[in-house]
Amino acid sequence: QSAECGACGPGYATPLDAMKGPREEIVYLPCIYRNTGIEKPDYLATVDVNPKSPHYCQVIHRLPMPNLKDELHHSGWNTCSSCFGDVTKRRNRLILPSLISSRIYVVDVGTDLRAPRIHKVVEPVELFWKGNVANPHTSHCLGSGDILISCLGDPSGNGKGGFILLDGETFEVKGNWENGGKVPPLGYDFWYQPRHNVLMSTEWGAPKVLADGFNPADVARGHYGRRINVWDWSTHTYLQAVDLGQGSIPLEIRFLHNPEAAEGFVGCALSGAVHRFYKTEKGDWAAEKVIEVPSKKVQGWLLPDMPGLITDILISLDDRFLYFSNWLHGDIRQYDISNTRQPKLVGQVFLGGSIAKGGPVTVVEDKELQCQPEPFVIKGKRVPGGPQMIQLSLDGKRLYVTTSLYSGWDKQFYPDLVKEGSVMLQIDVDTERGGLKVNKNFLVDFGKEPDGPVLAHEIRYPGGDCTSDIWM
């Protein structure tokens, strides 16, 4: 367990304490077969990331789910640093919501860290009946011991930004977290900050609209998100919508890790913008655009303008650097956010993407680059897809990245990715001056899995990480 003292409960007392935690030796990744043409269940992979290990960069264990076509996506913990100090709690269960089937798997990682096993399955009808919600996405543990999961829709596939609560001991569905009649029209990710009595949630799209791919016309029809939704943490009521503009699609949302902070950042997929959100003097919330990735004018693609498609975003535990991935353009960026209102680009690396030289896309106008980037090749493999999910080591020195977004969109935007499988890469980070450099010795190729190529998604460390832990 990560807590050195043995009697402190899970996690770390502060984000800066977490930075001194042990180096990650294994990571967990959900691996998805939906939309690949391979009729096998999704599974949870355990990957050895210890450079001293004989199994470095290898999948050392696979836990298949009992069902087909779940679309495992994001994961969370039964308990985290929000429960620090509670000696009755252990971080020994990984919560795996399924984006498409609406099942929630509770995985025992406490009995054997390297060989997880299924502890419990929460069937979709539980979510449908007890909460009138479906398509669970983000899971965070609460200081109360319960588990809070955001959802994308209702059981019919319409958008609905509701939440479900799981009991942290029995993993029974308790019902909805939200109170009152008002619920946002769409849901996706969330983060909470109890010291400011707030929970912030974001919006992707209506499940039945995004399930099988992206139709740009659906944005104009209002089927995709544009708001940060503000909730009262103590009363669970919906207070305010912060509108980021038509077609922005705000996905991952991150408060600064410092629990005193009344600000954070959200990455918008379609508009290619990062907004800083903050508490105003009046006590409500507002947002300002602080980073913009310009679209590129292209030929040979779905649209004449190609957005970066900011899909994942995270903040280092010391709140010094912000990282995000541009899934379509193919780069990962590092910004110094010492001044949160004026982030400074200090690192950038290209890892594939849709605009690489020699591909079907020609860039005709580019506000950032002089020429199209070279295809990304590592250990002799040309990597399909683009950088997508990211996770940072506790000390901030290693950034891990995978290349699959979501099987329905992978299939549409990167057909080769679905055929060849995704990869996991590792980037070395300069934490002094800023700077990113690919570790050329690190490649986990999920195209070589025993049952055929698979789409590996989000990355978790057994002791918690930059995107799972919240401090009270």
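The values are calculated or read from the model by the stated rules, or taken from the named source; none is laboratory data. Predicted model only: the values in this text are computed from it and were never measured. Neighbour counts are summed over all protein chains in view; Cβ atoms, including those assigned to glycine, are modelled from backbone coordinates with ideal geometry. Side chains included, ligands, DNA and RNA excluded: accessible areas come from the protein's heavy atoms. Shrake-Rupley method; radii C 1.70, N 1.55, O 1.52, S 1.80 Å.
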Please list, in chain and number order, the residues 5+ apart from Asp312 or on another chain whose amide H is under 5 Å from its amide H, with Hs placed from the backbone.
Ser325
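For the stretch 359-472, what is the charge dipole size about the Cα centre, in debye to the nearest 20, if Lys and Arg each add +1 at the Cβ and Asp and Glu each add -1 at the Cβ?
Numbers: 13 positive and 17 negative charges, 58 e Å.
In debye, rounded to 20, the stretch 359-472 gives about 280.
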Could you run the Karplus curve 6.51 cos²θ - 1.76 cosθ + 1.60 with θ = phi - 60° over the stretch 402-408 and give me ³J(HN,Hα) per residue in whole Hz, x for Gly and Pro?
10, 10, 9, 8, 5, 4, x
Would you check the accessible area of Arg341, probe 1.4 Å, heavy atoms only, in square angstrom rounded to 10?
140
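Net charge within 13 Å of Lys437 by Cβ-Cβ distance, Lys/Arg positive one each and Asp/Glu negative one each, not counting Lys437 itself? Provide the component values of the computation, followed by the final result.
Values: positive: Lys397, Arg398, Arg433, Lys440; negative: Asp428, Asp430.
That sum, taken over residues with Cβ under 13 Å, equals +2.
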Setting aside same-chain residues fewer than 8 positions from Lys279, which lysines have a Cα under 19 Å from its Cα?
Lys289
Distance in nm between pseudo-label sites at Asp112 and Asp451 (7 Å out along the Cβ direction from Cα)
1.8
Exactly which GluC sites (Glu not before Pro) in the stretch 354-449 are in a DSSP loop and have at most 14 other Cβ atoms within 10 Å?
Glu368, Glu432
Extension gain (nm, one decimal) between Cys371 and Thr280, 0.36 nm per residue minus Cα-Cα:
28.6 nm
With labels modelled as points extended 7 Å from the Cα through the Cβ direction, what inter-label distance (nm, one decimal) is found for Asp318 paired with Leu303?
3.8
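Can you give the translational diffusion coefficient of the chain in µm²/s, computed by Stokes-Einstein from the Kirkwood radius over Cα pairs at 20 °C and 1.002 mPa s? Let's see the in-between values first.
Details: Rh = 22.0 Å.
In µm²/s, the coefficient rounds to 98.
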For the stretch 358-375, take each phi angle, set θ = phi - 60°, evaluate the Karplus expression 6.51 cos²θ - 1.76 cosθ + 1.60, and give the result in whole Hz per residue in order, putting x for glycine and proline.
x, x, x, 9, 10, 8, 9, 8, 9, 7, 10, 9, 6, 8, 5, x, 5, x
Given the protein chains as shown and a 1.4 Å probe, how many square angstrom of Thr36 are accessible, to the nearest 10?
30
Reciprocal of mean inverse Cα separation for the stretch 17-143 (Kirkwood radius, Å)
15.8
Could you compute how much accessible surface Tyr224 exposes when probed at 1.4 Å, giving the result in Å² to the nearest 10?
10
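For Phe84, Phe446, give me the order by solvent-accessible area with a 1.4 Å probe, most accessible first, ignoring ligands, DNA and RNA. Walk me through the numbers on the way to the answer.
On the way: Phe84 80, Phe446 0 Å².
Accessible-area ranking of Phe84, Phe446, largest first: Phe84, Phe446.
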